[in-house]
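J.: I am attaching a structure below and will ask some questions about it afterwards.
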Amino acid sequence: MKAAVLVFPGSNCDHDAYHALKYVAGVDAEFVWHKQSSLAGFDAVVVPGGFTYGDYLRTGALAKLSPVMGAVKRFAGEGGPVIGICNGFQILLEAGLLPGAMIVNGSLHFVCDYVYLAAETSRTPFTGRIPPGSILKVPVAHYQGNYFADEKTLFSLEERGQVVFRYCTPDGRITEDANPNGSARNIAGICNEAGNVLGMMPHPERCAEAVLGSEDGRQVFDSMVSWLKERGK
Amino acid sequence: MREMPVSPERAREHGLSGEEFERIRTLLGRDPNFTELGIFSVMWSEHCSYKSSRIHLKKFPTRGPRVLQGPGENAGILDIGEGLAVSFKMESHNHPSYIEPYQGAATGVGGILRDVFTMGARPIASLDSLRFGRPDHPRTRYLVNGVVAGIAGYGNCIGVPTVGGEVSFDECYDGNILVNAFTLGIVRHERIWRGTASGVGNPVIYVGSKTGRDGIHGATMASGEFDEKSEEKRPTVQVGDPFTEKLLLEACLELMRTDAIVGIQDMGAAGLTSSSFEMASRAGTGFLMDLDRVPQREEGMIPYELMLSESQERMLIVAKKGREDEVRAIFEKWDLDVSVIGEVTGDGMGRVQWRGETVAEIPVAALTDQAPVYDRPSARPAVQDSLQSLDPAGLPAPSDLAEVWVRLMSCPEMADKKWVFRQYDHMIRTNTLVLPGSDAAVLRVKGTGKGIAMSVDCNSRYCRLDPFVGGMIAVCESARNVSCAGAEPIGLTDCLNFGNPEKPEIMWQFRSAIEGMAKACEALSVPVVSGNVSFYNETMGKGIHPTPTVAMVGLLEDASRHLVQWFDAEGDRIFLAGADRLGVHLGGSLYLREAHGKVAGTPPPVDLDHERRLQEFLRAAASDRLVSSAHDLSEGGFACALAESCITRPDGAVGARVVNPFAEAIRADFAMFSECQGVVLLSCRPAGRDALLAAARPFRITMVEVGVVGGEHIDIEGVARVGAADLHKAWREGFAKGLGLDG
C-alpha cells in the first residue's frame with residue numbers, strides 16, 4: 001500500500017499529510033514532484049494544502065496545468081482514490097475532477113479555526129469508517145474556501161449523494177453561524193459521482209493525533225487504509 | 001536615476017555627518033564616488049552598524065552551555081539535545097509598517113524567516129509583538145487591519161504557523177507603531193550554516209528574485225525620525241512575495257543538505273551591499289563582483305541602485321569552486337534565478353564592476369570593523385521624578401468594582417485576540433500543542449519527545465517609568481511565562497525599540513533598560529543570542545515609550561508535561577505561589593491607565609532571587625504533574641489573572657470562588673488590580689493539595705490556598721463578583737468592539 005503526496009511549487013501541507021499517513025495511519029507514503037507525469041505504483045493520491053503558485057491568478061488555476069495532473073486524472077478515471085485537502089480541493093475543482101468553484105470567504109478574512117463537520121456519506125474511500133451523521137472536529141485554514149456552484153449543480157450534488165461533509169454546530173445542526181466561510185449549503189467537502197475523488201476544505205491531517213486537540217481527522221486516513229486493504233493493496 | 005557628484009552636502013542627504021564623511025575620505029584616501037557614498041551610507045546607518053548601541057549591547061550575557069551561535073550572525077542558535085538545535089531571532093519592521101502596513105508587516109515576516117533559514121534551520125513557528133496607538137485613534141484601525149493581514153498573508157502562504165505574540169495599545173504609538181517579528185527554526189547540528197565568504201577563488205552566487213528598484217534606502221529610512229513627509233517615503237517600503245520565498249526556502253534547505261556551499265546570507269537591509277561585505281568581513285576575505293550578472297527586473301539600473309536595492313527574497317551564496325552546477329540545478333528546479341556574480345578574493349577589498357569598469361573599491365574592514373562607534377551622552381530626563389510621583393490615596397475609589405473589572409478585561413489590550421489569531425494559520429506543520437491565548441505557545445519537536453515554549457513580552461509603561469526595572473521585568477516576565485508552561489528558559493532574542501539616540505534622555509532609557517535586562521538575564525542564567533535595535537521611533541519629535549521586547553525560548557524535555565494558563569476542572573483548588581510578593585503596586589498599572597487615565601508611579605519591585613526560585617518550582621511542579629494550570633499575575637493584577645484562568649479556556653468559561661488574598665484594610669480596587677512581580681496562580685486536583693504544598697517548600701516559595709474552581713460566578717469574596725459567562729462574552733467581543741472592526 002503506497003500513497004503519493006503531490007508537491008507543487010507552494011504546497012505547504014505536504015509534510016503534514018506525509019506525517020499523518022506515515023506516522024499515524026502507518027501507510028507507506030512518498031512525495032511526488034509536480035513535474036512527474038506518472039503515478040505508477042501508487043494506490044492512493046493526496047493533493048495537499050498550500051498556496052500553489054502563490055494563489056496567483058486564481059487558487060489552483062496554475063497547478064492544474066502541471067504534468068502530474070494528467071496522471072491524477074487517469075488515476076481517478078480508473079477508480080483510484082484521490083483526496084484533495086484545502087488547496088488540493090481547489091486544484092481538483094480547477095482541474096474539473098470535481099464540480100463548482102471557490103470564492104473568497106464571506107468575512108473577507110483568512111480563517112484558521114476548529115469547526116465541526118457533519119458526515120453525510122461513507123461511500124468514499126476516505127469516509128468508509130465514518131458513519132453518516134457522525135460529527136467531526138476538524139480545523140480549517142483558508143482565505144478562499146467559500147464553495148460556490150449554480151443551483152442545478154448543488155441540487156445534483158445533493159441528489160446523487162455527493163455532499164460528504166457540511167459545516168455544523170457541535171451538536172450537528174446545519175446553521176449559518178456554523179459556516180466559517182459562507183459556503184453554499186454549508187458544504188465543506190464533496191466527492192465525484194463515482195465517489196473515489198474527495199475534495200474537502202478542512203484539514204484532517206491536522207487533527208489526527210490527540211495531542212493536537214482532536215484526532216477525528218485520523219478516521220479519514222484509517223478509512224483509506226481499510227478501503228485499500230479490502231482491495232488487497 | 002543618475003549618478004550625482006559627491007559632496008559633504010550630498011553625504012548629509014544620505015544621513016552621514018560631516019565627521020563621518022571625513023572619516024570615509026580618510027579610510028579611502030580619496031573622495032568616494034556616488035556608488036561608494038551610497039554603500040557607506042547604508043553600512044554606516046544606525047540600522048546596519050549599531051553604532052550607537054554596540055558598546056551597550058556588550059553588557060548582555062551571551063554565553064552558556066547551550067549556545068552554539070551567539071549575536072553577530074543572522075540568527076542565534078541553541079543546542080536542545082539529540083543532535084538538534086533551535087535557531088531564532090526577532091526583528092523590527094516598525095517604520096515600513098507605519099507607512100504601508102500590509103507590505104511593511106509582510107516583509108518583516110519574510111525578512112525574519114530568511115534570517116532563520118539562512119542558518120540551515122527549517123522555520124517552525126513565528127510570533128509577533130505588535131503595538132499600536134490608542135484604539136480610537138483615526139489611523140489605528142487601518143493599521144491593525146493592514147498589519148494583521150500582512151503577517152497572515154506572508155506567514156500563511158509560506159506555511160510557517162504564527163502561534164502567538166502580543167497586541168497592545170498606547171497613545172505613545174499613535175504616530176509610530178511597533179511590529180516586531182520573531183521566528184524559530186529547527187536544525188541538526190551538522191547542517192548549521194553561517195554567513196561567511198571563505199576560500200579564495202570560491203564563486204559568489206546570487207539566487208532568488210530579480211533585483212528591482214524597491215526598498216532603496218530602507219535601512220537609512222529606518223535610521224531617521226518621522227515627520228509629516230513620511231508618507232512620501234512609501235516607495236522605500238519593499239514588496240513581499242511569499243510564494244517566491246517558499247521556493248527559496250525549499251531550494252536553500254535542499255542545497256544545505258549537500259556540502260556544495262561554504263556560506264550563505266540573506267539580502268535583507270542594504271541588500272547586496274550588506275550581504276557581500278558582511279560575509280567577507282566574517283571570513284577576513286574580499287570579493288570581486290560583476291553587477292552585469294545580477295538578475296534584474298528593471299532596465300537601466302545603475303550600480304548605486306543595484307547595490308542598495310532591498311528587493312525581497314534574495315540570498316547570496318559562496319559555494320565551493322567547481323560545485324556551481326549543483327547549486328544551479330537545485331535553484332532551476334525551483335524556478336528561481338541563479339547567477340554566479342563574482343568570486344572570493346584574498347586582499348580584503350570589496351570590488352564591484354559594471355560594464356567593464358570598477359565602480360566601487362572599498363576595504364571590507366572600512367565598512368564593518370572600522371565603522372563609527374559612538375558612546376553617546378546619556379542623561380536622566382528631568383520629567384522622570386514627576387512621572388514617578390503617584391499618590392494612590394488620592395485616586396477616587398470606583399463605586400462599582402465589577403464594572404471596572406469587566407471594563408479592564410474587555411479593553412483591547414486585555415480582550416480576546418481571536419480576531420487576530422483566526423487570521424493567522426497557527427496549526428500548520430502540526431506541532432502546535434497550545435493554541436494562541438495562553439502565557440506561552442508550546443510546540444512539539446517531531447521525532448523527539450521534546451517541546452519548545454515561546455513567549456514575547458514587554459510592559460512599556462513600566463519601561464517608561466523606570467527603564468532599568470522595566471527591562472528586568474521584560475526578561476523576568478517572558479521567562480516566567482515560559483516556566484508557567486513547564487519549560488526551562490534557555491535563551492532569548494530581543495527587539496530594542498527606542499527613540500532618537502542622539503538625545504541624551506533616550507540614550508539614558510536605552511542604557512538603563514539594557515542594564516536591567518542584563519541583570520535579570522544573569523540572575524536567571526539566560527543568554528541573549530540574537531536581536532535587533534530600532535532607534536528613531538519618533539514622529540514629529542515625540543518618542544515612544546522605551547520598548548525592549550523580549551522573546552524567550554524554553555525547552556520541555558517531555559512535551560506532554562506542558563501546562564496552560566486556564567483552569568482544568570471544577571473542584572480544582574486554587575493557590576497563589578509567591579504570595580509574600582503581593583503588595584499595593586499601582587505604578588504603571590493597567591488599572592491606573594484604564595480607570596484613572598494615568599501612566600505614573602514606579603513599576604512593581606522585582607526580587608531576582610525569588611524569581612529564580614519561583615520559576616524552578618514551577619518547572620518542578622509541571623514535571624512532576626502536580627498542577628493542572630499556571631498563570632502569572634501581570635497586567636490587571638490578581639483579579640484579571642483569576643478571570644483569565646476562568647475564561648480563556650478553549651472549552652468555555654468556568655467560575656471560581658476565592659478569598660481576597662490581601663489584608664482587609666487594603667482598598668478593594670488596589671487588592672484587585674495591583675500588579676505584582678513573581679506571583680503565580682496555580683490550580684491542582686483536591687487530592688494533590690498536600691503534594692503541591694510540600695513541593696514548594698524546598699524552593700522557599702510561599703503558598704496560599706485562595707479558593708476553588710467552579711460555579712457560575714467569578715467571585716472574590718467580599719470584594720467583587722461577576723458572572724463567568726457575562727465576562728466571557730465581554731472579553732470575547734472587546735477587541736473588535738474597541739477598535740470598531742467587523743467581527
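J.: Along the Cα-to-Cβ line of residue A:74, 7 Å from the Cα, sits a label point; which residues in region A:177-204 have backbone N less than 12 Å from it?
T.: Backbone N within reach: none found.
J.: Taking only DSSP H segments of four or more residues, each worth -39500 (n - 2.57), what value at 222 nm results for chain A once the sum is divided by all its residues, to the nearest 500 deg cm²/dmol?
T.: On the way: 5 runs with 47 residues, N = 233.
My calculation for chain A gives -6000 deg cm²/dmol from helical runs alone.
J.: Which pairs in the list B:51/B:246; B:59/B:598; B:246/B:321 are over 30 Å apart, alpha-carbon to alpha-carbon?
T.: On the way: B:51/B:246 34 Å; B:59/B:598 33 Å; B:246/B:321 27 Å.
As for pairs spanning more than 30 Å Cα to Cα, those are B:51/B:246; B:59/B:598.
J.: Which GluC sites (Glu not before Pro) in region B:682-721 sit in a loop by DSSP (not H, G, I, E or B) and have at most 16 other Cβ atoms within 10 Å of their own Cβ?
T.: Values: sites: B:705, B:712, B:717; in loops: B:712, B:717.
Here the sparse-neighbourhood loop sites are B:712, B:717.
J.: Please give me, ordered by residue number, the trypsin sites (Lys or Arg not before Pro) of region B:1-30 that lie in loop per DSSP and have at most 10 other Cβ atoms within 10 Å. Each step should come with its number before you reach the end.
T.: Numbers: sites: B:2, B:10, B:12, B:23, B:25, B:30; in loops: B:2, B:30.
Loop-located and lightly packed - B:2.
J.: I need the shape label for chain B. Rule: rounded when a/c is under 1.5, else prolate if a/b > b/c, else oblate, with a, b, c from the alpha carbon gyration tensor.
T.: In terms of gyration-tensor shape, prolate.
J.: How large, in percent, is the carbon and sulfur part of the accessible surface of chain B at a probe radius of 1.4 Å? Mind showing how you got there, number by number?
T.: On the way: 11420 of 23780 Å².
Carbon and sulfur atoms account for 48 percent of the accessible area of chain B.
J.: Turning to a different aspect of this structure: For each pair in A:35/B:418; A:35/B:89; A:64/A:233; A:137/B:737; B:417/B:503; A:233/B:446, compute the distance between the two Cα atoms and list the pairs where it is over 32 Å.
T.: Correct reply: A:35/B:418; A:35/B:89; B:417/B:503.
J.: If the cut-off is 24 Å between C-alpha atoms, which lysines fall inside it for residue B:320, apart from same-chain ones fewer than 8 positions away?
T.: B:210, B:333
J.: Let me ask something else about it. Which percent of the accessible heavy-atom area of region A:2-230 goes to carbon and sulfur, probe 1.4 angstrom?
T.: C and S atoms contribute 51 percent here.
J.: Nearest 100 Å² is fine: how much accessible area is buried between B and A, summed over both sides, with a 1.4 Å probe?
T.: 2500 Å²
J.: Same structure again: Taking the alpha-carbon centroid of each part, what is the distance from region A:165-209 to region B:621-672 in angstrom?
T.: Their Cα centres are 38 Å away from one another.
J.: What FRET efficiency do you get for residue B:329 and residue B:189 if R0 is 25 Å and r is their Cβ-Cβ distance, rounded to the nearest 0.05?
T.: 0.40
J.: A further question on this structure: Would you please give the FRET efficiency between residue B:726 and residue B:25, computed as 1/(1 + (r/R0)^6) with r the Cβ-Cβ distance and R0 = 51 Å, to the nearest 0.05?
T.: Values: r = 70 Å, r/R0 = 1.38.
Calculated value: 0.15.
J.: Threshold 10 Å², probe 1.4 Å: give the residues of region A:20-59, in number order, that are less accessible with all protein chains present than with their chain alone.
T.: A:33, A:35, A:51, A:53, A:54, A:56
J.: A drop of at least 20 square angstrom in accessible area, chain alone versus all protein chains together, probe 1.4 Å. Which residues of region B:133-177 meet that?
T.: In region B:133-177, residues shielded by partner chains: B:156, B:157.
J.: Moving to a separate point now. Can you give me the C-alpha center-to-center distance between region B:563-578 and region B:443-487, rounded to a whole angstrom?
T.: Using only Cα atoms to place each centre, the spacing works out to 20 Å.
J.: Keeping every protein chain present and rolling a 1.4 Å probe, give me the accessible area per residue for the protein assembly as shown in Å².
T.: Value for the protein assembly as shown: 33 Å² per residue.
J.: Between the alpha-carbon centers of region A:38-92 and region B:354-368, tell me the distance in whole angstrom.
T.: Spelled out, the Cα-based centre of one part sits 49 Å from the other.
J.: Let me ask another. Taking 0.36 nm per residue of sequence separation and subtracting the Cα-Cα distance, how much length would be gained by fully extending the chain between residue B:254 and residue B:383, in nm to one decimal?
T.: Contour length minus the Cα-Cα distance gives 40.9 nm.
J.: FRET efficiency for residue B:59 and residue A:193, Cβ-Cβ distance as r, R0 = 51 Å, nearest 0.05?
T.: 0.15
J.: Name the residue farthest towards the positive end of the dipole of chain B from the options B:628, B:76, B:146, assuming +1 on Cβ of Lys and Arg, -1 on Cβ of Asp and Glu, about the Cα centre.
T.: B:628
J.: On to the next question. Which residues, if any, in region A:199-233 lose at least 50 square angstrom of accessible heavy-atom surface (probe 1.4 Å) when the other protein chains sit next to their chain rather than the chain being alone?
T.: SASA drop of 50 Å² or more in region A:199-233: A:206, A:212.
J.: Another question, then. Tell me whether region A:2-230 comes out rounded, prolate or oblate; compute the Cα gyration tensor, take square roots of the eigenvalues as a ≥ b ≥ c, and use a/c under 1.5 as the rounded threshold.
T.: Rounded, because the longest to shortest axis ratio a/c is under 1.5.
J.: Can you list the aspartates and glutamates whose alpha carbon is less than 13 Å from that of residue B:519, not counting same-chain residues fewer than 8 positions off?
T.: The qualifying aspartates and glutamates are B:607, B:609, B:611.
J.: Please give the calculated 222 nm ellipticity per residue for chain B, where each DSSP H segment of at least 4 residues contributes -39500 (n - 2.57) and the sum is spread over every residue; nearest 500 deg cm²/dmol?
T.: Per the formula, -10000 deg cm²/dmol.
J.: Could you tell me which GluC sites (Glu not before Pro) in region B:516-585 are loop residues by DSSP with no more than 16 other beta carbons within 10 angstrom of their beta carbon?
T.: Answer by residue number: B:557, B:570.
J.: For region A:2-230, with the dipole built from +1 on Lys and Arg beta-carbon atoms and -1 on Asp and Glu ones, taken about the Cα centre, which of A:169, A:114, A:97 lies farthest toward the positive end?
T.: Checking the options against the dipole of region A:2-230, the answer is A:97.
The values are calculated or read from the model by the stated rules, or taken from the named source; none is laboratory data. Given the structure is predicted, the values throughout are model-derived calculations rather than measurements. Here Cβ is always computed from backbone atoms with ideal geometry, including for glycine, and neighbour counts include all displayed protein chains. With ligands, DNA and RNA removed, areas are computed over all heavy atoms of the protein, side chains included. Shrake-Rupley method; radii C 1.70, N 1.55, O 1.52, S 1.80 Å.
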